[in-house]
Amino acid sequence: MSDPGVLSFTHQGWEQVLAKVKRALVYLDAACAESLHWGCGSTRLLEAVGGPACHLREFEPTAVGGGAEQPKAVFVLSCLLKGRTVETLRDIICRSHFQYCVVVTAVNHAVHLTANHVPAAAAAELEGQQPVFEQLEEKLCEWMGNMNYTAEVLHVPLLLAPAAPHLALTPAFASLFPLLPRDVHLLNSARPDKRRLGSLGEVDATALPPELLLQIRCLVSGLSSLCEHLGVREECFAVGSLSRIIAADLANYAPAKNRRKTAAGRASVVFVDRTLDLTGAVGHHGDNLVEKMLSVLPQLPGHTNDVMVNMVELTALHTEEENWNAVAPGCLAQSSDMAGKALWEALLNTKHKEAVMEVRRHLVEAASRENLPIKMSMGRVTPGQLTTYIQLFKNNLKALVNHCGLLQLGLATVQTLKHPHTAKWDNFLAFERLLLQSVGESTMSVVLSQLLPMIKPSHQRTKDDYCPEELLILLIYIYSVSGEFTADKNLGEAEENVKKTLAQVFCEESELSPLLQKITGCDSSINLTFHKSKIAMDELFTSLRDVAGARNLMKQFKSVYVPGNHTHQASYKPLLKQVVEEIFHPEKPDPVDIEHMSSGLTDLLKTGFSMFMKVSRPHPSDHPLLIFFVVGGVTVSEAKMIKDLVPSLKPGTQVIVLSTRLLKPLNIPELLFATDRLHPDLGF
């Protein structure tokens, strides 16, 4: 096996599951299905199950149970075994004929003790014992109807969906998003007056709701398992308020203490709050084909990081829209197709133009290997040219099977290039560049007034105009890149004009999208009055002010805006880039905004002594491995930037980029206006 990494960590976890599934019915929840999808593919699971029938089912309350000829079940779950999850287990088992049940949870036993309110001291005494799992094993036998049947409950850390050797996502935590200033008011509503929080800087673990704290502990459990697999003792660092809480929890995670004592390697884990820079998440400056695929192609159902590719082109069906659902969709993840995987990784790491040429090269080489009658053409790559190459495989089953992964990515490329929203990408980019110049030269009120004429009701919009969701993306861009600004009378008027115009546009929409329903609290435009819409706009602009003020507590990373001068135009400098450059600053100054989280008395003493003795404080550039975790999502371009920048600043340093999800611009308003960020649904 190659050096330990995110791929080997995921493969090792799934190998433990695959060892249990022979001739079993396998129930997966969405997050574990996504880990399998990117990690080793459903084909690998089906091979391990064996037998002619498909034995995979979604874990949900209405899932079909097992018949008399299906005595074995394996449940693969990303969550705590508690509450509704256990009720669903009971319901499925009680309507089945199982005699052998295996339940796999991605959350380790120590977190189950925490979830069941077992004090830390009592939990420490239970080391090596697993009473929560043992109690559930008894229950499983009871539900199967015979205490002599076999039940097994075990922990396997199925945390990651590895998109590439340098990039992995955590599907079970896709909704985890950093706090904003308005959240402080919500947290204060549950606190006595004397213990009120003044700002996000004062928020610590004790201030968070128990559900959010438990969600963080579940994430920490998985990250600790990853560090164990990598064989490293980690130093934890944080930029931002929620990152600080997660980093502190990992640094002081009790089950990791013995592991750290024996670890041969060292690593720095740096957590960064996404909210400190939403410009990079909603902007269109990333010159990457995969980003465009994720933005314009429909989402793969049940997934947060993959899309559907229409495969009708490769069948005898007509390509009309009514036939699209007749054929199973393709996707971007090619975990079990080596040629497809190689192309996918090339697309992640190249610019748009080179990526399209790479797709053509792979198609030409594959067609040549299959002796298909290919006509070579040089010059610019067009969607029509790629379609011609792809259709060569159409009536050749052997060639189709041999190059299935490549053809999915080829069709994804064609559908992205032809999609009307791809043409809009350049419009967004042009307007964002214009905004960057305006931000430096004008007040915020002038910048908003530039946006006002672009807000049009549905009956006045052309295909080139912005719909309400796209206008929200531009507003988030404006407020995030501007950062802290002085509010004045003109700004109040400009904001009011935008609010009223947007409120009216919302009311005139023929149909409200899921995002607009969430923002307005109305499921239909018929029920949306101007008054309701205007209240929603007032709340939305409060959130936008929060976005602008997200870096207020930073001392060093206060801005992502670089003003123009007589030789250079104004530009955007990603906060993630600033953090990486600061980590590997040649003079290694003590980081100002990158906080080190101590993991006990020894670290605290070191930090204290360093104030008056020559003791070096832990620094994120000290170790040969940097794990960079963006809390709230990362774009493909940002992951590539981090991967390329780290070795250029410090050759020999290995970097792994982790995040809660892959982002497209529309994800940010969805996450920003989510109502359950402080109280995630953990299935209780």
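The values are calculated or read from the model by the stated rules, or taken from the named source; none is laboratory data. Remember, it's a predicted structure, so these values are computed and weren't measured experimentally. With ideal geometry, Cβ positions are generated from the backbone for all residues, glycine too; neighbour counts draw on all protein chains shown. Heads up: the accessible areas ignore ligands, DNA and RNA and are worked out on the full protein's heavy atoms, side chains in. Shrake-Rupley method; radii C 1.70, N 1.55, O 1.52, S 1.80 Å.
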Margin query: With the alpha-carbon atoms as the only input, what is the per residue convex hull volume for segment 6-158 in Å³?
Written below: 110 Å³
Item checked: Once the Cα gyration tensor of segment 422-549 is diagonalised, semi-axes √(5λ) in Å -> 24, 18, 12
Next item on the list: Quick one: which residues, 5 or more positions from residue 163 or on another chain, have an amide H under 5 Å from its amide H? H modelled 1.01 Å from N in the peptide plane, none for Pro or chain starts.
Entry: 168, 169
Note to self: Suppose we keep just the DSSP beta bridges with both residues in the chain; what percent of those would be antiparallel, to 5?
What the structure shows: 20 percent
Note to self: Let's test the formula: R0 of 60 Å, r as the Cβ-Cβ distance of residue 464 and residue 117. What FRET efficiency results, to the nearest 0.05?
What the structure shows: 0.60
Notebook entry, point to check: How many percent of all Cα-Cα pairs in segment 302-443 sit more than 21 Å apart?
Noted result: 48 percent
Item checked: Cβ-derived FRET efficiency at R0 25 Å, residue 264 paired with residue 588, nearest 0.05 -> 0.55
Check: Karplus couplings for segment 355-360 from phi (6.51 cos²θ - 1.76 cosθ + 1.60, θ = phi - 60°), rounded to Hz, Gly and Pro as x?
Finding: 5, 5, 5, 5, 4, 4
Notebook entry, point to check: If you stretched the chain out fully between residue 454 and residue 442, how much longer would it get, using 0.36 nm times the residue separation minus the C-alpha to C-alpha distance?
Noted result: 2.5 nm
Check: How large is ³J(HN,Hα) for each residue in segment 141-154, as worked out from phi by the Karplus curve 6.51 cos²θ - 1.76 cosθ + 1.60 (θ = phi - 60°), to whole Hz, x for Gly and Pro?
Finding: 4, 4, 5, 6, x, 7, 5, 8, 5, 9, 9, 9, 10, 9
Check: When every alpha-carbon pair in segment 502-582 is counted, what percent end up more than 15 Å apart?
Finding: 68 percent
Next item on the list: Give me the accessible area of residue 3, 1.4 Å probe, in Å² rounded to the nearest 10.
Entry: 130 Å²
Item checked: Per-pair calculated FRET efficiency, R0 = 22 Å: residue 152 and residue 126 via Cβ, rounded to 0.05 -> 0.70
Next item on the list: Might you tell me the accessible area per residue for the chain, computed with a 1.4 Å probe and given in Å²?
Entry: 44 Å²
Notebook entry, point to check: residue 501: accessible area at probe 1.4 Å, nearest 10 Å²?
Noted result: 40 Å²
Check: So how far apart, in nm, are the two label points at residue 23 and residue 674 if each is 7 Å from Cα heading toward Cβ?
Finding: 4.2 nm
Check: Under 5 Å between amide H atoms, partner at least 5 residues away or on a different chain: which partners does residue 74 have, H built in plane at 1.01 Å?
Finding: 25, 26, 27, 102
Notebook entry, point to check: How much solvent-accessible surface does residue 284 expose, in Å² to the nearest 10, with a 1.4 Å probe and all protein chains in place?
Noted result: 10 Å²
Note to self: On a 32 Å Cα-Cα criterion, which of the cross-link pairs 351/532; 194/588; 463/664 come out too long?
What the structure shows: 351/532; 194/588
Margin query: For Cα pairs less than 8 Å apart in space and 6+ apart in sequence, what is the mean separation divided by the residue count of the chain, i.e. the relative contact order in percent?
Written below: 17 percent
Checklist line | Dipole magnitude (debye, nearest 20) for segment 298-418, charges at Cβ of Lys, Arg, Asp, Glu | finding: 460 debye
